[in-house]
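Engineer: Quick one: the structure is below, questions incoming.
The values are calculated or read from the model by the stated rules, or taken from the named source; none is laboratory data. Being a predicted model, the structure only gives us computed values, none of them experimental. Ideal geometry is used to build each Cβ from the backbone, glycine not excepted, and the neighbour counts take in all protein chains shown. Side chains included, ligands, DNA and RNA excluded: accessible areas come from the protein's heavy atoms. Shrake-Rupley method; radii C 1.70, N 1.55, O 1.52, S 1.80 Å.
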Amino acid sequence: MGREFVNIFDGWADSYDASVSGKDPEYRDVFNGYETILNEVAQRVSGTIIEFGTGTGNLTAKLMEAGFSVIGIEPNTKMLDVTAKRFPSIQVIDGDLLEFKVVNEHIDAIVSTYVFHHLTDEEKGLALKKYANLLSKNGKVVFADTVFLTEAAKQAQISKERNRGFLNVVEDLEREYYTTIPILEELFTEAGFQVEFVKMNDYVWLMDATKK
Ligand SMILES: C[S@@+](CC[C@H](N)C(=O)[O-])C[C@H]1O[C@@H](n2cnc3c(N)ncnc32)[C@H](O)[C@@H]1O
């Protein structure tokens, strides 16, 4: 479940770091302030952390630099290999946002950047309930991802990208499950979290949730 987009990353593993550093004009706005976004996520957590969708390990690096204990979970074999080779001292295991096995660990926080939109809204709700069961009171979920204020704002952004010929971004926005702040607020609250949202760029919002 939630793995329908995993193969797309086979073709992106080698060029992903060029995209996040702004070399792909189509994705420049999506990754605007990428380093700040990763730092902001890392600053809001501590302890033993599950990171979903490690990709090439850029958020993992921030968490490791801060001295945290990281368990990486990544469904794409190529991406998993990149993170595992970059950080041989940590566990990077095959799994996804919904299906993962973490044995005998006390988990303080769950993080991800540019990943949560791979789940439908229904799956997002199931995943958040699963995370709530794994965390103790005051445990944290901190995600950063493309989110829109409203469905109308999403459609306006798709039109803007179509008008400037950024058809890869249009395809991405129409293919995957980019959702809205009110829907996410409801899903986090229903799962037992208190959540706040912080706008990071034209696409990305940070979701900082604390288990009640
Ligand atoms: C856009 S990349 C983000 C990588 C990294 N987190 C970053 O911020 O640079 C998305 C990552 O999520 C992974 N992914 C795709 N579907 C997933 C799922 N259902 N659960 C967890 N990770 C998933 C992809 O394989 C890819 O490594």
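Engineer: What residue, among those in the range 34-43 that are more than 12 Å from VAL142 (Cα to Cα) and within 12 Å of the ligand (Cβ to nearest atom), is most open to solvent (accessible area, probe 1.4 Å)?
Structural biologist: GLU35
Engineer: Assess whether ASP208 counts as being on the phi < 0 side of the Ramachandran plot, open to solvent by less than 30 Å² (accessible area, probe 1.4 Å) and within 15 Å of the chain's Cα centre (by Cα). Steps first, please.
Structural biologist: On the way: on the phi < 0 side of the Ramachandran plot: yes; open to solvent by less than 30 Å² (accessible area, probe 1.4 Å): yes; within 15 Å of the chain's Cα centre (by Cα): yes.
Yes: the conditions hold for ASP208.
Engineer: Take the residues of the range 6-21 that are of a type outside the set (S, T, N, Q) and either in contact with a strand residue (DSSP E or B) (Cβ under 9 Å, 6 or more places away or on another chain) or assigned to a helix (DSSP H, G or I) (or both): which is farthest from the ligand (Cβ to nearest atom)?
Structural biologist: ALA18
Engineer: Being hydrophobic (A, V, I, L, M, F, W, C) and touching a Lys or Arg at 6+ places or on another chain (Cβ under 9 Å) is the filter; apply it to the range 189-212 and report the residue that is farthest from VAL41 (Cα to Cα).
Structural biologist: From the range 189-212, those hydrophobic (A, V, I, L, M, F, W, C) are 191, 193, 195, 197-198, 200, 204-207, 209; that's our starting set.
Checking which are touching a Lys or Arg at 6+ places or on another chain (Cβ under 9 Å) leaves us with 191, 193, 205-206, 209.
Details: ALA191: 21, PHE193: 17, TRP205: 11, LEU206: 8, ALA209: 11 Å.
So the residue we want is ALA191.
Engineer: Now a separate question. Which of the residues that make up the range 62-91 are open to solvent by 10 Å² or more (accessible area, probe 1.4 Å), within 26 Å of VAL169 (Cβ to Cβ) and of a type outside the set (D, E, K, R)?
Structural biologist: Within the range 62-91, PRO75, THR77, LEU80, VAL82 meet the criteria.
Engineer: Could I ask something else about it? Mind checking whether some residue in the range 92-108 is surrounded by 14 or more Cβ atoms within 10 Å (Cβ to Cβ), over 21 Å from ASN133 (Cα atoms) and more than 8 Å from the ligand (Cβ to nearest atom)?
Structural biologist: yes
Engineer: Looking at the range 44-59, which of its residues are of a type in the set (A, V, I, L, M) and within 8 Å of the ligand (Cβ to nearest atom)?
Structural biologist: Result: LEU59, single match.
Engineer: Cβ contacts < 8 Å: first residue aromatic (Phe, Trp, Tyr), restricted to the range 8-23; second residue open to solvent by 50 Å² or more (accessible area, probe 1.4 Å), any location; separation 6+ or different chain. Result?
Structural biologist: Pairs that qualify, where the first residue is aromatic (Phe, Trp, Tyr) and the partner is open to solvent by 50 Å² or more (accessible area, probe 1.4 Å), are PHE9/LYS78.
Engineer: Related question: Is it fair to say LEU80 is under 14 Å from the mean Cα position of the chain (by Cα) and within 13 Å of the ligand (Cβ to nearest atom)?
Structural biologist: Working: under 14 Å from the mean Cα position of the chain (by Cα): no; within 13 Å of the ligand (Cβ to nearest atom): yes.
Spelling it out, it is not the case that LEU80 is under 14 Å from the mean Cα position of the chain (by Cα) and within 13 Å of the ligand (Cβ to nearest atom).
Engineer: Criterion first (over 29 Å from ALA132 (Cα atoms), more than 9 Å from the ligand (Cβ to nearest atom) and at pLDDT below 95) does ASP24 satisfy it? Quick ask: steps written out before the conclusion?
Structural biologist: Details: over 29 Å from ALA132 (Cα atoms): yes; more than 9 Å from the ligand (Cβ to nearest atom): yes; at pLDDT below 95: yes.
In short, yes.
Engineer: Follow-up. Quick one: SER46 ticks every box in (1) at pLDDT 95 or above; (2) open to solvent by 60 Å² or more (accessible area, probe 1.4 Å); (3) in a helix (DSSP H, G or I) except a single one, so which number is it?
Structural biologist: (3)
Engineer: Of the numbered conditions (1) farther than 15 Å from VAL82 by Cα; (2) more than 10 Å from the ligand (Cβ to nearest atom), ARG3 satisfies every one except a single condition; which is it?
Structural biologist: (2)
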